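Notes for the one structure printed next.
No lab work stands behind these numbers, since they all come straight from the coordinates. Fair warning: this is a prediction, and the values are worked out from it, not measured in the lab. Positions of Cβ are generated from backbone atoms using ideal geometry, with glycine treated the same way; all protein chains shown enter the neighbour counts.
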Amino acid sequence: MSTTIGQILDNFFSPFSVERLWVMPETDNYTTIVRRWQPVIDAVNQAKANLAANCPLWKTSRMTSGSWKPGKTDPPATDPNAYSIWVSSPPGTDPDTCRDAFIVYAGSIAARAAARALGGVIPPLNTIPLPTVQTWELYTCSIGSFGISATVDSVDCAAKTAKMNIWMYNIMSKKSFGRFASHPVFAASGMEKQYMWWNWSESHAWGSGGAAGGGPGGPGRGTVDW
């Protein structure tokens, strides 16, 4: 089952909010989204460049630790062998953009509630499903600043090839929403921390026969439909 940002936000803003660990593997739709986000692509490429420049160090010190698992820690505790990068407030995660994305989402929820309420009076409304509107901006703004930690599952410095294990992480907390967290509409919200982790692997080759690589192409902006 894939994760939607609506599930995370609903738990975060619920009066009965609970701390939760969200681990999203390579097959998760949310992971597909973050891998197409340019700030993530840039951070992963930075890790790839460091690997290419320091391959012997990665082979001896940055192999993936089989015993490490993500957890509910603040600050996030990454694989101790990882090469880590922190990306602070990437473009498109400013408060106004995030506010507008959340307004669209909240409005779609209100429309669904109204349709359900009118279902007994106007039957057709009850037979037409109204999706929540979760835009690309809602997914990225709900992350904001994030970290990337990279290790290698395997590496061949002579052949200049490696299989990289990438983890991306963020903690959604009251602090994440800044001044908007104190808005009266959220007065009853629990806002317990949501520990968000995304994971995928990437094959990397460098040198004359390789390429720097990057994330999947074409983010397909606008509404994310699932």
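Projected onto the charge dipole of segment 41-101 (+1 at Lys/Arg Cβ, -1 at Asp/Glu Cβ, origin at the Cα centre), which of Val87, Ala52, Cys98 gives the Cα projection farthest towards the positive end?
Working it through, the farthest residue towards the positive pole turns out to be Ala52.
If I model a spin label as a point 7 Å beyond the Cα along the Cα-Cβ vector, how far apart are those points for Asp153 and Thr73 in nm?
2.2
Provide the packing ranking of 148-157, 60-69, 82-91, i.e. peptides ordered by the mean count of other C-beta atoms within 10 Å per residue, highest first.
Final packing ranking: 148-157, 82-91, 60-69.
Determine, for each peptide in 160-167, 44-51, the mean count of other beta carbons within 10 angstrom over its residues, then list the peptides with the highest first.
In decreasing order of mean packing, 160-167, 44-51 become 160-167, 44-51.
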